[in-house]
Amino acid sequence: MVVLVTVPEEGRTILLDGFPLSEAQAQLLEEQLYSPDGMLLLACPEDVMIQRVLTRGKSPIDGRSDDRNMSVLARITQFRYACAPVMERYRKIMAVTDADGTTVDEVRTHMLVHVCHGIP
């Protein structure tokens, strides 16, 4: 989940990757900063997500200490549980684009298009 927020005073759009992850965070974002302009949802098969994270976990630079099989499954489950209400809420009030995020190239392309041109 990627949320785009326009910062009017600065004339730019910022990208929030993986935030907000809960309704409480969404409310905080809207009350303390700005309401999002749109959301990009990148769909990816679970097995591909797991493999990406496990591969990242082997990297001394990019890896996280919890990039392990069981913790990855738990994080995916938590993401789906916590983010579902946020995604439903945002679908009702803003432009949401569903996109294929199976390959890294697809993710990069969608991110660049939506950051540079906004979410339709």
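Just so you know, all these numbers are worked out from the coordinates, no wet-lab data involved. Predicted, not measured: the structure shown is a model, and the values here were computed from it.
As a length-normalised measure over Cα pairs under 8 Å and 6 or more apart, the relative contact order of the chain settles at 31 percent. For the chain, adding -39500 (n - 2.57) for each run of n ≥ 4 DSSP H residues and dividing by the number of residues yields -16500 deg cm²/dmol at 222 nm. Scalar couplings 3J(HN,Hα) for region 6-18, obtained by applying the Karplus form with A = 6.51, B = -1.76, C = 1.60 to θ = phi - 60°, are 8, 9, x, 4, 9, x, 9, 10, 10, 10, 10, 8, x Hz; x denotes Gly and Pro. Listed values for region 46-63 are Karplus-derived 3J(HN,Hα) couplings in whole Hz (6.51 cos²θ - 1.76 cosθ + 1.60, θ = phi - 60°), namely 4, 5, 5, 4, 4, 4, 4, 5, 5, 5, 4, x, 7, 7, x, 8, 9, x, and x replaces Gly and Pro. In terms of the Cα gyration tensor, with a ≥ b ≥ c the square roots of its eigenvalues, is region 64-120 rounded because a/c is under 1.5, prolate because a/b exceeds b/c, or oblate? Cα axes put region 64-120 in the oblate bin.
GNM on the chain, alpha-carbon springs under 10 angstrom: the most fluctuating residue among 35, 71, 22 is 71. The long axis of helix 69-93 is offset from the longest Cα principal axis of the chain by roughly 20 degrees. Rounded to the nearest Hz, the phi-derived 3J(HN,Hα) couplings of region 25-40 under the Karplus curve 6.51 cos²θ - 1.76 cosθ + 1.60 (θ = phi - 60°) are 5, 4, 5, 4, 4, 5, 7, 9, 10, 9, 6, x, 8, x, 9, 10, where x marks glycine and proline.
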